[in-house]
Structure formats: C-alpha cells, structure tokens
Amino acid sequence: MSAFQRAEVTRTSFLQETFIGHEPCVMRPPGGAWDSTSLALVRSLGMSMVLWTTDSEDWRQPPSLSTAFQQSIIRNADSGVGLRHPIVLMHDGKASHEPECGPQICAQGQVSSFRGNTVAALPAIIEFFLTHGYRFVTLPGFA
C-alpha cells in the first residue's frame, strides 16, 4: 500500500466518523488498487474492502456539461442491470493528487474536478434501476 493510500484511509475514516458519528465499515481503494498490505490495513481498522461491479466512467468527463457524456455515463452505469447486486462506481470529485484537466478536453492522465455530468445523469440511472426491480441499499444491505 502506498503512503498516499494509507493517509487517505486514515484521514477519510476519521472524517466519516466525525460527520456520521460512527466508524466506517467499508472502504473502496482509490482506483481499485489494492494489495495484501492494503487489505491488512483495512481489516485492522475493522473494515471490509469493497469494489464495484460496474464503472460509469464518469471520471473521464469533460470540464463542462455534455449531453453526450451524460448519456455515456448512463449507458455505462446501466450495464450493471442483470447483476444480482450491482455496485455502480460514480465519483463526487477527483483525487487530490490527479492533475486537473484544462478548460477544454482532458488530456491522457488528467481528470476534471467538474461533476455536473454525473449529477445530471444520476436521476436517469436511479430511475432505470428502480424500473428494473432494484432497490437502493447501503453496502451492509440496509434500505
């Protein structure tokens, strides 16, 4: 596990406990990158490691609203239909260590902190899963 991951897990766990009043029970490793050391750290904190089954790829979005990109997010997220317990990966921001995208199109390796396309796509994604018989629960399975 990198020093960055260790710091992120510790800092984020502290913030979650501060804001919600109890320690988190799950952790998704940034970028899905984990190894036996990071798994041991997560377990030592009393958490389980959870990954996603479907990537909306919203992290690729341009730094401005794009109907085409919103449709791409929806298509990618909706590909989880048919799975018994889909976990759709979506982002509320970018990692602090990622280089910020310029005002136009993101170059390779850059990520925009803009999340307007994710927010705009979310109602359609929720409606899609609801109309296909899914319900939304917390990771431990509570409604």
Can you work out which of the residues in the stretch 31-53 that are assigned to a loop (DSSP other than H, G, I, E, B) and not hydrophobic (A, V, I, L, M, F, W, C) is surrounded by the most Cβ atoms within 10 Å (Cβ to Cβ)? THR53
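Here is a yes/no grid of residues against (1) assigned to a loop (DSSP other than H, G, I, E, B); (2) surrounded by 13 or more Cβ atoms within 10 Å (Cβ to Cβ); (3) touching a helix residue (DSSP H, G or I) at 6+ places or on another chain (Cβ under 6 Å):
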| residue | (1), (2), (3) |
| --- | --- |
| ILE73 | no, yes, yes |
| ALA77 | no, yes, yes |
| VAL81 | yes, yes, no |
| ASP92 | yes, no, no |
| GLU98 | yes, yes, no |
| ALA121 | no, yes, yes |
| PHE128 | no, yes, yes |
Quick one: in the stretch 54-71, which of the residues that are within 10 Å of LEU89 (Cα to Cα) and of a type in the set (S, T, N, Q) is surrounded by the most Cβ atoms within 10 Å (Cβ to Cβ)? SER56
Being farther than 24 Å from HIS97 by Cα and not in a helix (DSSP H, G or I) is the filter here, so list the residues in the stretch 1-30 that pass it. GLY21, HIS22, GLU23, CYS25
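Readers should treat all values here as calculations from the given coordinates under stated rules, not as data from a laboratory. All values derive from a computational prediction rather than experimental measurement. Reconstructed Cβ throughout: ideal geometry from the backbone, glycine too, with neighbour counts over all protein chains shown.
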